[in-house]
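First comes the structure, then the notes that go with it.
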Amino acid sequence: MTNTKFEPKTKTHLLEYIFKIDPKNYERTRNSLNGSVTLLSPYITCGAISLTEIKNLILSKNGSRESSKLIQELAWRDYFQSVYLNMGDEIFKSIKREQDFSKFDQIPTTILEAKTGIKVIDNAVTKLYKIGYLHNHERMWLAMLICNIAGTRWEVGAKWMYYYLLDGDLASNTLSWQWVAGTFSSKKYFANQENFNKYGLSSDRQYGTILDKSYEELSQNSDDKIVQSIFENRANLELENNTEYLKSFFEVADLSIETNIYFTITTITEDLKDQSNPILVYIEDKDWLISKQKIDFVISQIKLIVPNTKLLVLSKDDVNYENILAKLPKQERMFPSLTDYYQSFFKFWSKAERLV
Ligand SMILES: Cc1cc2nc3c(=O)[nH]c(=O)nc-3n(C[C@H](O)[C@H](O)[C@H](O)COP(=O)(O)OP(=O)(O)OC[C@H]3O[C@@H](n4cnc5c(N)ncnc54)[C@H](O)[C@@H]3O)c2cc1C
């Protein structure tokens, strides 16, 4: 299994690791499952490192030309954050058009149990459950299989993947699923066995699978009885609510103290270090549950920075909800001046590139 996690013990380790990233090598190899991707997403998502810090560190050692692909990929995240800031909860509905061929609220059991017989797919599902990280191609392949071949609504797949990912991020995850399903892009994304063989691991190479077809054939798969036969059995998502598990690590916060400093699982920044009454606010949302593995990761980051923190679990009908929400810090933006809604990443990037 490639792309296993790395575990920097301190912020200094994290910065040293980023300083050693070779953006040229990243650009050349990043599409392959065994390529030199950064594995930084869990640290970015929880706030331990910001996109701007990464960009500046990369540019302090490398020219802007050779760093441009990596910075462009960082900008995808910033773009998704900007769409979320503009649209709010509307990103949880199909944005540009309704999903075509979406009949099911259930995911095929062959996918959930990693038993499709397609090695890259089965190994990706196993890896998601085991380490909570997937390469971008594995995410795209799983999403396209679930939505565009097996006809499941993108919302269901997004909730499933978000639950397990250590880097699960509402904006990047939701909008990427919509991008694959064609509801936030100009067309649906398809990948066939040839594509899996090109970018996957050589040990997973296969021929003659149900996805060993041309793109044209694949896009007409809804009528293909052989393809659909492996998706006959389906199951409802059964994700555990782990709020009690999260609570077991903390004392309950005392809201009467006036000097309280609030943060969330996406803003665990160094700024919290010297605060005397830090409070982790967990907004419980039954639609977007998180795994114990993600909670363990978040706690490891909190322990490094604010071991003395207390916990406040907040739901939308809580009397304190609006008041506390107003006090929560926002995630850092790499291009804070780009506040408008851009219909596509490349419209956004044409402005962002000039600011690098
Ligand atoms: C269906 C699907 C779901 C996804 N869900 C998430 C998610 O919940 N959280 C998340 O952080 N990313 C998500 N992504 C985007 C992307 O796959 C991951 O950010 C990336 O694979 C993380 O690995 P890395 O840090 O090694 O990436 P690298 O390739 O090393 O990239 C460096 C950083 O750039 C940003 N980045 C790179 N590619 C993208 C991209 N396509 N979209 C947004 N940001 C990008 C990330 O912050 C990443 O950490 C999703 C993509 C798809 C197709």
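The values are calculated or read from the model by the stated rules, or taken from the named source; none is laboratory data. This is a predicted model, so every value here is computed, not measured. Ideal geometry is used to build each Cβ from the backbone, glycine not excepted, and the neighbour counts take in all protein chains shown.
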Are any residues in the stretch 101-140 surrounded by fewer than 18 Cβ atoms within 10 Å (Cβ to Cβ) and under 13 Å from Glu155 (Cα atoms), and if so, which ones? Lys103, Phe104, Asp105, Gln106
Before we move on, is Leu170 over 21 Å from Ala191 (Cα atoms), within 10 Å of the ligand (Cβ to nearest atom) and either in contact with a helix residue (DSSP H, G or I) (Cβ under 6 Å, 6 or more places away or on another chain) or of a type outside the set (Asp, Glu) (or both)? yes
Could you count how many residues in the stretch 211-255 are without any contact (Cβ under 8 Å) to a residue 12 or more places away in the chain and within 30 Å of Val313 (Cα to Cα)? 3
Condition met for Leu39 (out of contact with any strand residue (DSSP E or B) (no Cβ under 7 Å at 6 or more places or on another chain), farther than 30 Å from Lys9 by Cβ and not assigned by TED's automatic domain parsing to the domain that holds Ile146): no
Test each condition in (1) of a type in the set (A, V, I, L, M, F, W, C); (2) modelled with pLDDT of 95 or more; (3) touching a Ser or Thr at 6+ places or on another chain (Cβ under 6 Å) for Val180 and report the one that comes out false. (3)
Okay, helices (runs of 4 or more DSSP H) sitting entirely in the stretch 285-356 with 3 or more residues that are over 26 Å from Tyr133 (Cβ atoms), I get 321-327, 345-355
State whether one or more residues within the stretch 190-210 are of a type in the set (A, V, I, L, M), farther than 30 Å from Asn308 by Cβ and away from the ligand (no atom under 15 Å from the Cβ). yes
Output for the stretch 136-158, where each listed residue is in contact (Cβ under 8 Å) with a residue 24 or more places away in the chain, within 11 Å of the ligand (Cβ to nearest atom) and under 21 Å from Ile290 (Cβ atoms): Asn136, Glu138, Arg139, Leu142, Ala143, Ile146, Trp154, Gly157
Considering only helices (runs of 4 or more DSSP H) fully contained in the stretch 1-118, which possess at least 1 residues that are modelled with pLDDT of 95 or more and over 17 Å from the mean Cα position of the chain (by Cα)? 11-19, 23-29, 51-61, 64-87, 109-112
When the stretch 192-228 is examined, which residues are found to be under 17 Å from Asn34 (Cα atoms) and of a type in the set (A, V, I, L, M)? Leu201
In the stretch 271-289, anything surrounded by 15 or more Cβ atoms within 10 Å (Cβ to Cβ) and in contact (Cβ under 8 Å) with a residue 60 or more places away in the chain is listed as Trp288, Leu289
Out of all the residues in the stretch 33-54, which are surrounded by fewer than 19 Cβ atoms within 10 Å (Cβ to Cβ) and either in contact (Cβ under 8 Å) with a residue 40 or more places away in the chain or not polar (S, T, N, Q) (or both)? Asn34, Gly35, Leu39, Ser50, Thr52, Glu53
